[in-house]
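A short reminder: the numbers here are calculations on the coordinates, not readings from a lab. Every value quoted in this text rests on a predicted model; they were computed, and no experiment measured them. No Cβ is skipped: glycine too gets one built from the backbone with ideal geometry, and neighbour counts run over all protein chains shown.
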């Protein structure tokens, strides 16, 4: 089970974490990955960036995810990782 | 810029600051006895009969700054030697009495307690007087004064009496820890216990938030405080103290408003549960109404629970205007979620103990909650939020009739009516402090403009609806 945490702290919230959460939910639904991924929130991870939202995938922290870069992030760090781990 | 309303607050602050200063560097044990000398140097007394008494009282304040008497369960304590044993005269005729002909005072007195001397000046026979105050009301010169101790006048629930040696005494069975006496005693003889040392210890042992994270959750009334700096700078300051991050309790208020609206519509009658002093008051004085207290945690509890559910090993410190919150976190229902409580006074002391000049810091951001969550800080805010939450959830078969009670006296009246089933309303918003949380005893300053500040802070919220603010949390938790 992969744990994906989208930061909903003040800084990320202002930079659109609500939209990212929505995109993430839709993508998970589209790819039927509900049983592979637990989506959760986190407050600040202390890595506030000037652009974009911070997302923690298992123990790895990624910063600067925007709605434009979302699909790339999703493909590279979520789908590819799941494939590497043999979950899908 | 004046930081406090009174010199009493300033004195208390100096003690907290010095205790904190030495505690950061583990020197408190050796330096503790020097603190009174630092605050009251020289040989000339400025507050009491002599410098030695001043220093002795400071010694007692240091004890309270370190957590106070562990054997006393109340978070509010009287410093015996600081109590000035104020006179307890009751109604007395002052020399403004002109010896008039009308003698309204005599006519109105049902106990024949008023007599006149050969100059026609009134005198009150204390053996007959029942302190009803009618004479004072009718005197055209306002010549009859009510001599009352400020602590007793402040304590609307009558928990303070005159104990042995004329020292003020708190009845713990009645006290709701609202802190009104703490703020009102002109000699600073009543203080709330401080847990700054626990918080400092928590921060130090977190190893820069590596071993566990220390969250600061701040009450929305902070918007009316620290007026010499911007709110964003206060947030930077809190992080500079070593807190991992800052989250708005107003988000907890959004959560509470949302589920309180549902609970209200189901049950038909409810009292709010956000003010711990009010909740304690209902339990102590109106036990029959206790089942009607909303079963929701307070906004502080709700938010802390959310954080701890996501991150069990973290620490959560509430920072607010409230002394009663120090009592609330001892309740079994709240204990697992909130580790400690600081007041704004104590936060100021912590800033200065590290010589942080927050007014020159960069502005950080703070945005978790909606307008409605943020206005919980002032009287009427909870009612507005519950009305909004009913609307947002489409609960239209319930007709909300809120009774916002501003201050514990107003609460008493509403609860009395509710217990006799004659209350014209179905939701009691109880706030023990006048004006709501912005009138809290732990505030640095109290003023008329504070309500405006809270409303402005509410308007600045990015989220305009309660559902908007909490939907993120719901989404990521389901």
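Whole number please: convex hull volume per residue of the Cα set in the stretch A:2-84, in Å³?
Cα convex hull per residue, to the nearest whole number: 77 Å³.
Given just the C-alpha atoms of the stretch B:197-477, how large is their convex hull per residue in cubic angstrom?
Normalising the Cα hull of the stretch B:197-477 by residue number yields 121 Å³.
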Next item on the list: Give the dimensionless ratio obtained when the Cα radius of gyration of the stretch B:356-478 is divided by 2.2 N^0.38 Å.
Entry: 1.26
Check: In whole Å, what are the Cα extents of chain B along the three principal axes, biggest one first?
Finding: 83, 66, 39
Notebook entry, point to check: Could you state the number of Å between the C-alpha centres of the stretch B:106-161 and the stretch B:345-369?
Noted result: 48 Å
Notebook entry, point to check: Per residue of B:367-379, how many C-beta atoms from partner chains lie within 10 Å of its own C-beta, taken as a mean?
Noted result: 1
Item checked: Gyration tensor verdict on the stretch B:99-145 (Cα atoms; rounded if a/c is under 1.5, prolate if a/b is larger than b/c, oblate otherwise) -> oblate
Notebook entry, point to check: How many partner chain Cβ atoms sit within 10 Å of a residue's Cβ in peptide A:10-20, on average, as a whole number?
Noted result: 4
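Remind me, what semi-axes does the stretch B:335-397 give for its equivalent ellipsoid, largest first in whole Å, using sqrt of 5 times each Cα gyration tensor eigenvalue?
Rounded to whole Å, the semi-axes are 35, 16, 11.
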Notebook entry, point to check: So what are the three principal axis dimensions of the stretch B:1-116 from its Cα atoms, in whole Å, longest to shortest?
Noted result: 71, 36, 31
Notebook entry, point to check: Three principal axis extents, largest first, for the C-alpha atoms of the stretch B:275-346, in Å?
Noted result: 38, 29, 16
Notebook entry, point to check: Which percent, to the nearest 5, of DSSP beta bridges fully inside the protein assembly as shown are antiparallel?
Noted result: 40 percent
Check: If you look at just the Cα atoms of the stretch B:147-267, how large are its Rg and its Dmax in Å?
Finding: 19.8, 57
Check: So what's the back-of-envelope 222 nm ellipticity for the protein assembly as shown, counting only DSSP H runs of four-plus at -39500 (n - 2.57) apiece and dividing by all residues, rounded to 500?
Finding: -11000 deg cm²/dmol
Checklist line | Taking the C-alpha atoms of the stretch B:1-66, convex hull volume expressed per residue in Å³ | finding: 97 Å³
Checklist line | Cα convex hull of the protein assembly as shown - mean projected area over all directions, nm² | finding: 31.3 nm²
Item checked: Bins of 5 Å from zero: percent of alpha-carbon pairs in the stretch B:65-208 -> 2, 9, 15, 15, 12, 10, 10, 9, 6, 4, 3, 2, 2, 1, 1, 0
Check: Taking each residue of B:211-219 in turn, how many C-beta atoms of other protein chains fall within 10 Å of its C-beta, and what is the average?
Finding: 1
